[in-house]
Structures are given as structure tokens and as C-alpha cells.
Amino acid sequence: MVNLYRIVRGLLISPGYSLTVVVMLALGIGATIAVFSVINGVLIKPLPYRDSDELVALLHRSTIDGANLAASTSTYFTYIDHNRTFESIALWISTDATVTGTGNTEDIEALKTTHEFLSTLGVDLAHGRAFLADDDKIGSPKTAIISHGYWQRRFAGSRGILNESITVDGEPHTIIGILPQTFMFPGETAELILPMQPIRALAYAGPRGENGIARLKKGATLADANRDIKRMLPILYESFPPPPGISSEVVNASNIVPNLTTLKRHIVGDLDAALWILMGTVALLLAIACANVANLQLARNELRSVELATRFALGGSWRVVAGGILTEGTILSLVGGLIGLLLASLGLPIFLAMAADHLPSTQKIGIDFNIVIVTASLSMAVGLIFGLVPALKYRRQNVGVILLSSGRSQGISKEGNWIRSSLMVTQVALATVLLVGAGLLIRTADSFRKIDPGFIDPETIQTVGFSIPESTISALDLVVLTQNEIQRTISEIPGVTSAAFVSTLPLRDGPDAGFFVEGRSGGVESEFRFVSPEYFQTMGTPLIAGRAFEWSDILQSNRKVTIVSENLAMAVWGSANAALGNRIRASERADWQEIIGVVGNVRHEGLTKPAPRTWYRPPNDEMAQWLGRSVTYVARSDRAGTVPFLERIQDAIWSINGNLPLASAQTLEHVRDSGFALLSLTLLLFSLTATIALVVGVVGIFGVVGYLLAERTREIGIRMALGAQADALMWMFMRRTILLVLLGMTLGLAGAAVFGRLLESLLFGVPALDPSTYVVASLILLCTAIVASYLPVRRITRVSPAIALGTN
């Protein structure tokens with residue numbers, strides 16, 4: 001029988017050993033549980049909708065450039081009319097909405113959806129009713145559904161708000177329903193849902209800008225639905241006209257194919273790769289901790305070898321002795337697991353706050369009962385694993401040899417040496433893999449920051465977005481005049497060197513809009529932005545040729561002018577100067593616009609993607625109509641990002657119109673960094689894991705070397721009494737440790753080469769086999785290992801020979 005009291009008492013009288021083991025296991029298990037909680041919430045748990053595995057995202061793909069394409073009004077009506085595999089279909093888009101008439105003017109996030117949206121998801125309202133088909137018809141009374149949070153925040157949870165009216169974008173809407181508190185939708189924090197009211201007569205052929213979801217019929221598969229969409233696409237092109245300025249031949253030649261995917265797969269995207277990589281890193285950390293603890297326990301049991309041998313000699317069975325060792329390991333592991341669970345519960349909210357922009361908002365992530373069970377199971381398994389190694393070691397020990405050798409010295413068995421050496425090599429190898437991985441991600445982050453995005457000093461550019469509702473200013477020409485006045489007022493704020501506005505900020509996808517070149521056949525693919533005068537100066541985007549926009553082009557002469565990017569000018573005309581004076585237009589019925597300038601390339605689609613060919617148009621009535629009166633202002637100032645500066649901008653806007661709320665106020669640096677925020681998060685967690693692994697490895701080396709030297713204290717005393725020099729002894733004992741570290745590093749570098757391939761999806765500007773990263777990681781590990789082994793060796797070789805021999 002295992003004497004539990006004696007085992008616990010033995011652990012308590014060895015606090016240094018027990019505390020070291022518990023801390024190492026707590027770090028390993030805690031990190032593992034924290035990351036697994038995220039993986040469980042994001043990848044394993046189903047979406048919080050009825051039969052969520054039946055939900056699909058309506059996506060299409062162009063076989064020309066591989067681009068993913070969303071849904072549209074035409075796909076919505078075509079698929080509703082002719083599908084054979086969908087139970088229901090819905091469209092949705094995210095937008096901003098200005099709410100007035102219920103206190104302060106407020107700009108909030110909203111969703112516009114077709115009436116089937118909530119029923120397709122399988123969501124029941126907490127109060128009121130969902131949209132009906134009549135709500136989705138043009139001319140019907142305006143209705144709205146509000147989120148539970150907005151209901152509590154704005155209306156104090158009053159049931160009386162149902163059937164009451166709020167003014168949204170200048171129009172009264174009746175509140176007909178309140179969403180349940182648990183409702184979340186991927187990547188959206190909408191507080192208001194409005195009916196989309198799609199118009200069949202105004203729809204054009206092909207996927208466009210809306211998002212589509214559908215619920216499969218019972219028994220239908222994703223493959224069935226993709227085949228069904230492929231069958232319906234020709235019907236779509238026959239039923240709806242091509243977009244203005246584009247011929248039917250061009251639309252039919254666009255090679256659009258179905259690319260449906262499960263809604264969960266669409267939500268998770270590439271996040272699963274990063275999460276599984278993180279899971280792999282913490283698994284390596286846990287393996288390092290287990291190897292470390294097993295090594296420490298082996299060393300500790302070497303010191304107890306006489307005690308264990310005596311128990312064998314007095315009739316104790318191997319089962320009882322092994323049971324005691326396994327029980328000791330399990331107790332320490334369970335304590336470490338409990339502390340690790342506490343660390344995970346404390347660290348998880350910090351992780352979720354850091355990753356808020358990259359984790360699906362639909363999923364509830366936290367420590368639940370299942371996570372507690374996993375923690376307990378993992379702790380038991382870890383305890384058995386690191387306890388099994390020393391338990392098996394004593395199965396075939398020669399009791400007589402141990403007892404006879406005890407009178408001379410506490411010898412070290414060859415078998416014990418081999419096992420401990422193997423464990424040390426293993427933990428060094430695993431630590432090397434993590435250090436190299438962290439180094440590759442650090443190099444990647446550095447590469448990101450060296451990319452030229454097409455603008456300069458983003459930390460000094462303040463961005464502020466807002467919309468001018470029709471209820472505030474109805475005439476489109478007055479909208480442009482108001483935007484001009486606001487730009488002028490912001491530019492006059494002390495400390496502002498220049499200000500402007502743009503339809504869509506850089507690094508964020510803008511609309512694709514090809515154009516026709518005068519005197520040439522065929523169209524040119526590009527994307528476009530509306531920008532105001534002073535925009536390129538404010539952003540620091542260089543003017544390559546010609547001139548920039550001026551307000552006289554818009555307010556006085558109303559000249560039809562445009563500006564193109566350098567890569568577009570080179571592709572079409574061969575040089576920047578050759579592009580000047582040429583004329584282009586958006587469609588065959590649009591006005592010609594003269595190219596007056598060529599500017600530097602800007603990475604509008606993200607830092608990792610090449611700068612797209614772009615043409616820029618000045619603000620005009622058409623812009624106000626296309627953009628729904630929403631623009632983003634940019635102001636360059638050393639005070640960007642400070643609260644007082646934002647207050648000055650708000651005052652400047654209110655001096656023109658007191659009903660215009662600010663939205664999305666952030667520096668351009670924040671916009672830029674959000675482009676690789678997932679990488680930054682992965683880098684932070686990977687580096688933290690690698691650092692912990694390094695610390696655990698160093699503590700392990702320190703502890704094991706200390707134990708090994710403690711076993712050889714008498715031998716060291718004899719050598720010193722016979723005249724051995726301390727420096728020679730230090731090198732003798734350190735040499736073996738350094739050789740083991742070098743062997744572990746060699747194996748670790750080979751493993752890092754394989755692991756680097758797994759990281760390639762996260763790397764940018766640095767190869768998976770980057771030599772400098774491998775060299776630096778190796779030097780860091782080697783230096784820390786030398787220090788970790790040097791300290792206990794130095795301490796033991798400074799002891800007096802008389803004390804070491806026990807004669808004093």
C-alpha cells in the first residue's frame with residue numbers, strides 16, 4: 001500500500017524540489033489550457049445557431065485571378081427562385097447608422113439584412129418580432145431591430161420601447177424587436193438591424209458587394225449546393241442585365257464559379273492555422289517541462305537510492321516503491337495543474353482582449369466544466385509520464401550493489417546517466433525549436449515595418465470618419481460644400497499641417513472599377529478612391545508627375561479631372577509623364593476625365609499584397625451618392641492620437657454642423673498595424689512561450705547539474721584534497737553539460753527546419769531557413785545553458801575539501 005502521508009511529508013521537507021516542479025508544471029499546463037480554451041471555443045465548438053453545420057456562406061470565385069466574390073441582389077433572387085438545395089437564403093451588409101431624436105446624436109454600427117436573415121440563422125428574438133417579407137418591400141413602413149446591449153444602454157431595458165419610433169439616418173423607424181442577449185454575429189458588433197429592401201428591377205448580373213448566407217436542406221451537402229449554384233449561374237446572366245458600361249460578353253467571360261463554404265469555415269478563415277501553431281508551441285513547452293521534471297525526479301531519486309534499496313532489501317515490492325514514485329509525481333502534477341488552471345483563467349481575458357479583432361465574436365471562449373476536466377486529465381497524464389521514467393528505472397536495480405556502494409560514495413549508475421542525458425538533450429532540442437520559431441516571427445514583424453505602404457509617418461496622421469445624413473443636408477452639392485468646410489476648419493486647428501478626406505482609407509479594400517481609355521478598345525481593371533485636395537500632401541504620397549487636385553477643379557470650373565497611380569500609368573502608357581493629358585471614363589456613357597497627375601503606389605489591399613493599380617477622383621455629387629455620404633478625414637499633426645486633439649477635431653466639426661458624430665477615430669499607424677495584428681499577437685504569444693521554455697530549460701539544467709554535483713560531492717572533495725585545481729574541475733564538469741547542450745541544439749535545429757515550414761503561412765520577407773535566425777537562437781540558448789551549468793559548478797568547487805569529505 002502506498003503511504004500517502006509519508007509521500008506528502010517527503011515533498012514538504014524538500015520544498016525547493018517540490019516548488020520547482022510545481023512552478024514548471026503550472027507554467028506548462030496553464031499555457032496549454034489557455035490556448036486550448038481558445039481552440040475549443042473557436043474551432044471545436046459549433047456556432048451558436050440552430051443546426052449550425054447546415055449554414056453556408058454564399059461565395060463565388062473568379063477563375064481568372066482567383067479572387068473571392070460575395071453575393072448580390074441578383075444572386076439572391078436567382079437562388080431563391082431556382083435553387084434545389086437551400087432551405088432559406090439571406091443577404092446582409094455591415095454599415096454605419098446615425099441615430100437622432102432619442103438624446104445625443106449617435107453613430108452606431110448596424111446590419112442591413114433581408115427578412116430571412118434571423119430565421120436562416122435560427123435565432124429567436126428576446127422580445128417583439130423579426131422582419132417579415134413586407135418589411136423588405138420598398139415603400140413599406142420603416143422598421144428596426146435593436147441589440148440587447150443597445151436596448152439596455154440607450155433605453156434602460158424598457159419594454160415600452162417596442163413599437164416606438166427612433167430616427168435612423170434621418171428617417172423614422174419603428175422598433176419591432178429586441179435581439180437575445182447571447183446573439184453575436186461573426187466579426188460584427190452591430191447594435192441595430194435594418195431591412196435591406198433589395199430591388200429586383202435595379203439588380204445587375206454577377207456577384208457584387210453584399211454578403212450571403214444560406215441554410216442547406218436536410219440531406220443536402222456542400223458539394224450538392226456548389227453544383228446547384230453552377231447550374232443557376234447561366235440563369236442569373238440571362239435574367240439580369242450587366243452593370244452599366246459593361247457588355248454581356250464581358251460579364252459572361254468573367255468565369256465566375258461557385259465557391260461555397262461552411263459558415264464556420266468562412267468565419268474562422270486562416271485563424272485555425274495560427275491557433276494550431278500556438279497549440280503546438282505550448283505542447284512543446286509542456287514537453288520541456290515534463291522532461292525537466294522527470295530529470296529532476298531522477299536526480300532526486302539518485303540521492304535517495306540507498307533509501308529505496310533498503311526498502312527493497314527489507315521486502316518492499318517494486319510495485320509499492322514505483323507506486324510511491326508515481327503518486328508523488330501525480331500529486332505534484334495535480335497541484336501544478338490547479339495553479340496552471342488559475343493562471344489560465346487569469347491570463348485568458350488578457351489574451352482575448354489582445355485578440356479581440358481576430359477572434360470570431362460569435363464564439364464564447366472561457367474556462368468551462370469541460371476545460372476543468374481536460375485540465376485534471378492532462379495533469380494526471382503528465383504526473384504519470386514524468387513519474388514513470390524513474391519508476392521503471394528501479395525495476396531492475398541491483399540492491400546489493402547500491403548498498404555496497406553507499407559505504408564508499410553515492411555513485412551514479414550508467415543507466416541513470418543515460419536517461420538524464422537523454423532528457424536534457426530533449427528539452428534543449430525543444431527549446432531550440434521554440435527559440436528559432438520566435439526568431440523567425442520577430443524577423444517577419446521587422447520586415448512588415450520596413451514595407452513602404454505609400455504614405456509616411458502614420459503615427460502623426462489622425463483619421464476620423466463620419467456620415468452626413470440626408471435629414472441633416474439633403475442636397476448632394478451641399479454635402480460636398482460641407483465636407484470642404486469641415487476640411488478647412490480641421491486644417492486650421494493649431495498643430496495641424498494639412499487635412500483632407502478620402503472615401504476609403506489605405507490598407508482597406510476599396511471598390512474595383514475598371515475604366516475605358518480614349519482611343520483604345522477594351523477596359524482596364526483597377527480600383528478607385530475619391531480623395532479631396534491636399535490628400536496626397538497630408539498622406540505623404542509622392543506626386544510623380546503633373547499636379548494634384550485643387551478645390552477650383554470642383555467648386556468653380558467643375559473640371560472633369562482624375563489622377564492615377566504610377567503602376568497604372570506604367571502599365572497603360574509606359575511612363576508617368578506619358579499618362580498626363582490622356583482621358584479615361586468609368587463606362588461607355590460616362591463623361592471623359594483628363595489625367596492631370598500621377599502619384600506613388602499605395603498598398604490599398606494590405607501590406608502583404610502589391611499596390612493595386614488605382615485611379616483617384618475628386619469629391620463631387622457622384623461621390624456623395626455612391627458612398628452614402630460617408631468619408632474619412634485625415635489630419636497630420638504631432639498631437640495625433642491624443643484625447644485633446646480629438647476634442648478639437650470634434651469642436652471643429654460641430655462648428656460646421658452640430659449633428660455630425662465622430663466614428664472610427666484612430667491614427668493611421670493603428671490602421672497600418674491592424675494589417676498584421678494577428679501576426680503581432682502570434683509573435684507575442686510565441687515569444688512568451690519561447691521565453692518561458694528558455695527559463696524552464698535553464699532552471700532544469702541548473703537543478704539537474706546541481707543534483708549531479710551533489711551526488712559527487714565526496715568525489716570532488718577527494719580530487720581537491722589530492723591537489724586538483726578548481727578551474728580544472730569546473731571545466732571537467734561543465735564540459736559534459738555543454739556537449740549535451742550542443743547535441744540537443746543540433747537536433748533542435750533540424751527540428752526547427754521542419755517546424756519553420758509549418759510557420760511559412762505566417763512568415764513574410766524571411767525564409768523558413770533563415771541562417772541568421774538559427775545562429776542567434778543557438779547562441780542565446782548556448783550562453784544561457786553555460787551560465788545555468790556554471791553557477792552550481794562554481795559553487796561546489798569553491799567548497800573546502802574538508803567539508804566536502806565530511807571530516808569537518
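Some notes on this structure:
- Test: residue in the range 148-167 that is in contact (Cβ under 8 Å) with a residue 12 or more places away in the chain and under 30 Å from Asn68 (Cβ atoms): no
- The requirement of being touching a Leu at 6+ places or on another chain (Cβ under 7 Å), open to solvent by 40 Å² or more (accessible area, probe 1.4 Å) and modelled with pLDDT of 70 or more is not satisfied by Phe733.
- Any hit, the range 574-589, residues being at pLDDT below 90, polar (S, T, N, Q) and under 41 Å from the mean Cα position of the chain (by Cα): yes
- Test for Phe530: is it crowded, with 19+ Cβ neighbours inside 10 Å, in a loop (DSSP other than H, G, I, E, B), among the aromatic types (Phe, Trp, Tyr) and over 30 Å from the mean Cα position of the chain (by Cα): no
- In the range 47-99, the qualifying residues are those that are out of contact with any Leu (no Cβ under 9 Å at 6 or more places or on another chain), farther than 27 Å from Thr189 by Cα and in a loop (DSSP other than H, G, I, E, B), and the one that is most open to solvent (accessible area, probe 1.4 Å) is Arg84.
- Residue within the range 118-137 that is touching a Ser or Thr at 6+ places or on another chain (Cβ under 6 Å), polar (S, T, N, Q) and part of a strand (DSSP E or B) present: no
- The condition of being of a type outside the set (Asp, Glu), open to solvent by 20 Å² or more (accessible area, probe 1.4 Å), under 29 Å from Leu481 (Cα atoms) and in contact with a helix residue (DSSP H, G or I) (Cβ under 7 Å, 6 or more places away or on another chain) holds for only one of Arg585, Arg559, Arg589, that being Arg559.
- Top-ranked residue of the range 141-162 - restricted to ones that are part of a loop (DSSP other than H, G, I, E, B), of a type outside the set (A, V, I, L, M) and at pLDDT 90 or above, ranked as farthest from Ser52 (Cα to Cα): Pro141
- Here Ala724 fits the description: modelled with pLDDT under 80 and in a loop (DSSP other than H, G, I, E, B).
- Any hit, the range 612-619, residues being in contact with a His (Cβ under 9 Å, 6 or more places away or on another chain), crowded, with 16+ Cβ neighbours inside 10 Å and at pLDDT 75 or above: yes
- Qualifying residue in the range 105-117 (condition: touching a helix residue (DSSP H, G or I) at 6+ places or on another chain (Cβ under 8 Å), open to solvent by 10 Å² or more (accessible area, probe 1.4 Å) and outside any strand (DSSP E or B)): yes
- Whichever residue in the range 512-523 is loosely packed, with under 14 Cβ neighbours inside 10 Å and either in contact with a Pro (Cβ under 7 Å, 6 or more places away or on another chain) or outside any strand (DSSP E or B) (or both) and, among such residues, is modelled with the lowest pLDDT: Gly522
- Filtered residue count, the range 353-387, keeping only those that are at pLDDT 75 or above and either in a loop (DSSP other than H, G, I, E, B) or over 19 Å from Leu27 (Cβ atoms) (or both): 8
- As a summary of the residue check, Ser552 satisfies the conditions (1) open to solvent by 10 Å² or more (accessible area, probe 1.4 Å); (2) without any contact (Cβ under 8 Å) to a residue 40 or more places away in the chain; (3) under 30 Å from Glu669 (Cβ atoms) except for the one numbered (3).
The values are calculated or read from the model by the stated rules, or taken from the named source; none is laboratory data. What you see is a predicted model, and the numbers here were worked out from it, not measured in a lab. Reconstructed Cβ throughout: ideal geometry from the backbone, glycine too, with neighbour counts over all protein chains shown. What goes into the accessible areas is simple: the full protein's heavy atoms, side chains included, and nothing from ligands, DNA or RNA. Shrake-Rupley method; radii C 1.70, N 1.55, O 1.52, S 1.80 Å.
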